[in-house]
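Below you'll find the structure, written out as structure tokens, and then a few comments.
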Amino acid sequence: MSQKTPELPVTIIGGYLGCGKTTLVNHLLRHANGLRLAILVNDFGDLPIDADLIEAQDGDVISLSGGCICCSYGDDLSLSLRKLQSASVKPEHILIEASGVALPGAIGNSLSLLQDYRLDCIAVLADASAIMHQANEKYIGDTVLRQLADADLLVLNKLDLTTQKKLTTTRGWLAGVSGHAPVVEAVHGKIEAGILFHQVAEYRTLVNPSTSICPPGRAELSEDGCDVDKADIAQKILRDHNHASELFESMHLLIGWKVDAHIIAAELADQKMRLIRVKGFVRNLDNELMLIQIVGARWSVTDAPSNLPESTQPGLVFIAKAGELKNEQLRRICKRRH
Amino acid sequence: MTIVYSAKKILTMNPARPVVTHVAVRDGRILGAGSLEELSGFGEFTLDEQFADKVIMPGMVEGHCHAVEGKWWRYVYCGFHDRMDPHGKVWSGLSSIDHVVSRLQEKEITLSDATTALTGWAIDPIYYDNKKITRHDLDRVSTTRAVGIMHASGHIMNVNSKALELAGYLRTGITHDGVPLGDDGLPTGELKGPDVMYPVGQHAGFDDNMLEFDEAGLIDFARLCVRTGVTTATDLAARLEDSIVDMGIRVTGADDFPVRIMSLRFHHGLTPEELIEHVKQLQLRSTERFRLGKIKVIADGSIQGFSARLNWPGYYNGAPNGLWYIAPEQMRSIYEMALRDGIQVHTHTNGDEATDLVLDTLETALAKYPNQTHRFTIQHGQLINAAQYRRMAKLNMCVNHFANHHFYWGDEHYRLTVGPERAERMNACRTALDNGIPLAIHSDAPVTPLSPLFTAWCAVNRTTASGRTQGEHEKISVQEALYAITLGAAYTLNLDNEIGSIECGKHADFAILEDDPTSVDPDKLKDIDVWGTVQSGRVFPASLI
């Protein structure tokens with residue numbers, strides 16, 4: 001298998017003007033948990049980044065605390081992405097804040113042209129107090145609907161600006177127009193950062209079991225698989241630890257047997273499973289270690305990076321909204337022989 | 001010192017004395033137009049008879065073009081129609097893909113090393129029965145160097161395998177509407193849209209900034225202006241970074257620079273507040289020959305690219321509606337602040353829905369910031385209908401129509417994009433004038449060739465490339481077309497007090513013609529030879545430029 005640089009994950013944050021994209025970006029910056037983010041914004045506008053996070057500004061690049069940077073891409077996103085490739089400190093994750101009328105799916109498509117990037121997720125925000133009105137607006141209605149349809153994950157934001165009755169109507173409407181994407185709800189863009197960044201929180205436990213949220217090592221890698229009931233499962237509520245508006249729970253399932261990674265990934269990404277995020281490694285049928293990454297409806301299976309520590313144990317971390325983790329079904333899917 | 005020029009005929013665009021025989025010039029400005037006897041009243045003069053057998057008209061004003069055309073001529077011309085380069089050489093049109101390949105091959109053998117990129121422009125597969133050009137066609141030119149050709153529309157590029165390889169595109173797994181794949185799963189070499197063209201284009205010899213002029217290109221652009229009778233030209237969409245402004249002021253400030261350039265800041269990449277602030281700074285730097293301080297807003301895409309925003313029922317072939325390039329709220333902020341601060345805004349619309357947005361937005365903004373003299377102008381406005389012109393009249397708007405489209409893409413619009421009925425009323429100059437809308441017409445060079453007389457011919461005859469007349473009802477007269485390429489365009493740039501006609505007090509800007517556009521067959525308007533120009537009293541023969 002050829003050695004190649006791991007592709008840089010890219011998250012596209014879309015949504016119409018005023019839906020809270022900038023606020024969300026600032027929230028994510030505060031909860032990046034050491035992850036080096038590069039944030040690409042259409043313009044610096046009304047200062048896209050909270051002042052206390054800024055260390056220095058040089059033209060169209062702002063240096064932020066924790067090794068993060070923010071660049072304005074103006075009218076040429078691909079040029080900005082190419083420039084990032086020659087940055088002195090390599091970012092670990094890229095966030096693109098799309099302009100208010102951009103179709104995030106089109107931005108995602110253009111990423112397929114750049115070999116060093118991998119589209120991780122298109123997250124589209126909707127202003128809970130305005131989205132239904134915007135979708136009916138004469139000029140931008142169809143643009144708003146196309147943005148929602150492009151989403152892998154929807155963030156229904158600004159819950160505080162709407163009434164409970166209106167929110168119920170909006171939820172129902174959104175489920176109807178958004179199709180396959182799960183919806184998370186938020187106030188001031190405060191969502192669990194682990195949803196958008198695999199690198200934070202639970203994923204780290206996979207490559208470094210000593211910090212695992214569950215006792216490591218009980219599941220064995222065996223040729224013919226092991227009883228899933230003996231697999232190591234941990235579950236916890238991610239209790240508001242970064243002030244997310246909505247509660248999530250996660251499960252870590254060690255998978256010591258061979259599976260068909262593509263079939264598993266596709267089944268887990270089915271929205272019937274109600275999963276928000278999945279990441280981890282599995283042994284493919286030909287015994288290659290594969291990386292599975294899922295956000296909402298978007299899934300990918302790629303070769304595992306070659307530099308993984310010896311201690312890496314095959315397994316997946318699942319994140320779902322609190323109360324929606326279907327433990328038994330997930331285990332059944334992962335256990336199925338192909 | 002006063003010079004009086006005699007001419008066979010001088011068309012003044014001044015209705016009080018539309019045709020005269022002499023024009024007097026002092027200090028670069030027009031002292032008067034009339035008979036020799038009348039002008040002698042100004043005192044001592046030198047009579048210059050070098051134009052005695054020529055026809056003089058006001059220097060032509062190109063209200064929508066891009067100075068970057070000068071830069072494009074460094075690439076190999078691959079267009080279907082004959083086209084003149086800045087040095088006056090007429091490049092013959094290429095009638096097949098094989099001819100395109102041959103011309104590139106001729107250039108290729110002159111290159112000494114094996115890897116320098118080879119770049120072409122202005123190809124238009126419409127004329128080759130829409131036959132797709134592939135990387136294999138261009139691989140016949142070279143397999144060791146990147147080869148790329150930009151289409152005439154500026155929206156599509158074709159490249160060879162080497163260019164794809166250098167950009168990392170020669171692989172399977174690309175999923176992008178702008179990158180068609182062949183049966184082998186590899187890109188065919190056709191690249192549609194800026195986000196796919198730029199990354200490959202840089203390997204095929206195009207620079208990162210395909211819109212911005214450079215120094216040599218600006219000088220070459222000025223040569224084209226002299227050859228086509230243009231004395232004032234716009235550079236309609238620029239970033240205008242400080243270094244470009246410094247260079248523009250320096251280059252146009254040279255004693256022998258023959259054109260007045262007006263460069264507009266486009267809205268991309270800035271918030272409305274930043275945009276207004278930048279334009280105010282630019283106004284302070286404006287010079288006589290490098291005019292700054294206006295805004296270009298781009299509302300939607302193009303009709304032939306199916307990215308223009310159309311009202312119901314949309315595209316004739318059922319393509320989905322196009323894209324907004326600006327949010328309505330941003331347009332409103334820009335309009336409001338511009339009206340408040342007296343900054344003129346030109347807005348690109350192609351589709352009629354985009355025009356509706358402009359009209360709604362301006363109407364609301366004007367209620368908040370009344371402004372009688374804003375002269376906000378719709379650029380292109382290709383699908384404006386009668387009801388929209390009536391609103392535009394009430395709103396004191398101007399229009400600058402893309403008359404050249406009739407010829408270059410009229411057949412496509414009829415057959416494919418908007419269908420016969422709407423194609424016949426595209427760029428409806430007649431209806432605009434009937435509603436009293438100040439009218440200019442344009443080339444959008446380098447998209448189509450810079451040549452106001454050709455543009456006038458398009459508006460007068462509405463002939464498509466296949467020879468059909470498209471929209472008899474929307475034709476305008478020769479006189480109206482000549483007005484549109486002089487005073488009409490000057491009005492849309494708020495320069496009608498300085499240029500656009502030959503009358504006392506204005507800049508001495510003339511187009512010197514070999515024949516009289518008001519007496520030739522209207523079908524021959526485009527064939528009139530241009531001797532050169534006089535700009536602010538300085539004489540520029542095309543033969544010496």
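Built from the Cα atoms of the protein assembly as shown, the convex hull projects on average onto 38.8 nm², one quarter of its surface area.
Taking the helices alone, chain B has a mean residue ellipticity at 222 nm of -8500 deg cm²/dmol, built from -39,500 (n - 2.57) per DSSP H run of at least 4 residues and averaged over all its residues.
On the basis of the beta-carbon distance and an R0 of 25 Å, B:Arg468 and B:Lys524 show a calculated FRET efficiency of 0.85.
A straight chain from B:Gln105 to B:Glu421 at 0.36 nm per residue would run longer than the Cα-Cα distance by 109.5 nm. Peptide A:101-113 shows a mean partner chain C-beta count of 5 within 10 Å per residue C-beta.
Go ahead and collect, in residue order, the members of region B:177-206 whose backbone nitrogen is under 20 Å from a label point 7 Å along the Cα-Cβ direction of B:Lys132. B:177-198, B:200-201, by backbone N distance to the label point.
By definition, a body whose alpha carbon gyration tensor gives a ≥ b ≥ c is oblate when a/c is 1.5 or more and a/b is not larger than b/c, and region B:215-535 fits this oblate description.
Descending by average beta-carbon neighbour count within 10 Å, the peptides B:189-201, A:256-268, B:461-473 line up as B:189-201, A:256-268, B:461-473, the highest first.
Label separation (B:Asp139 vs A:Leu53): 4.8 nm, computed from points 7 Å beyond Cα along the C-beta direction. Residues in region B:356-370 near a label at B:Arg390, defined as backbone nitrogen under 20 Å from the 7 Å Cα→Cβ point? The answer is B:356-364, whose backbone nitrogens lie closer than 20 Å to the label point.
Can you figure out the FRET efficiency of B:Ile249 with B:Thr373, using R₀ = 35 Å and their beta-carbon distance, to the nearest 0.05? Taking R0 as 35 Å, the efficiency between B:Ile249 and B:Thr373 is 0.85. Peptides B:354-364, B:132-142 ordered by packing proxy, namely the average of other Cβ atoms within 10 Å per residue, highest first: B:354-364, B:132-142. Shape of chain B from its Cα gyration tensor (a ≥ b ≥ c, root eigenvalues): rounded if a/c is under 1.5, otherwise prolate when a/b > b/c, or oblate? Here chain B falls in the prolate category. Here each label is just a point 7 Å from Cα along the line to Cβ, and for B:His87 and B:Thr287 those points are 2.7 nm apart. Remark: spin-label model distance A:Leu145-B:Gln479 equals 5.1 nm, labels positioned 7 Å along the Cα→Cβ axis. When you restrict to C-alpha pairs under 8 Å that are six or more residues apart and normalise by the size of chain B, the relative contact order lands at 17 percent. In this structure, the pairs whose alpha-carbon distance is over 31 Å, taken from A:Lys21/B:Lys192; B:Lys107/B:Lys524; A:Lys321/B:Lys192; B:Lys296/B:Lys526, are B:Lys107/B:Lys524; A:Lys321/B:Lys192.
Quick note: the coordinates plus some simple rules give every number you see, no bench work behind them. What you see is a predicted model; the values in this text were computed from it and never measured. Ideal geometry is used to build each Cβ from the backbone, glycine not excepted, and the neighbour counts take in all protein chains shown.
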